[in-house]
């Protein structure tokens, strides 16, 4: 999709454009920011995203 739909969603992949966004508070006041540009139409799930700190 293009935006978080719940407060628990933090990573949003727009399959039509390939944009990967991070939203620090889901559907709260903070805006999502694009953090990567991937290929469109990838079969991604939350299990495909790893955060290394």
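No value in this document is a laboratory result; all are computed from the given coordinates. Just so it is clear, the model here is predicted, and its values are computed rather than measured. Here Cβ is always computed from backbone atoms with ideal geometry, including for glycine, and neighbour counts include all displayed protein chains.
Report whether or not residue 45 is out of contact with any helix residue (DSSP H, G or I) (no Cβ under 7 Å at 6 or more places or on another chain) and surrounded by fewer than 10 Cβ atoms within 10 Å (Cβ to Cβ). Let's see the steps before the verdict.
Details: out of contact with any helix residue (DSSP H, G or I) (no Cβ under 7 Å at 6 or more places or on another chain): yes; surrounded by fewer than 10 Cβ atoms within 10 Å (Cβ to Cβ): yes.
Taking the combined requirement at face value, the residue satisfies it.
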Residue selected from the stretch 12-26 under the condition assigned to a loop (DSSP other than H, G, I, E, B) and touching a residue at least 24 places away in the same chain (Cβ under 8 Å), by the criterion farthest from residue 50 (Cα to Cα) = 16
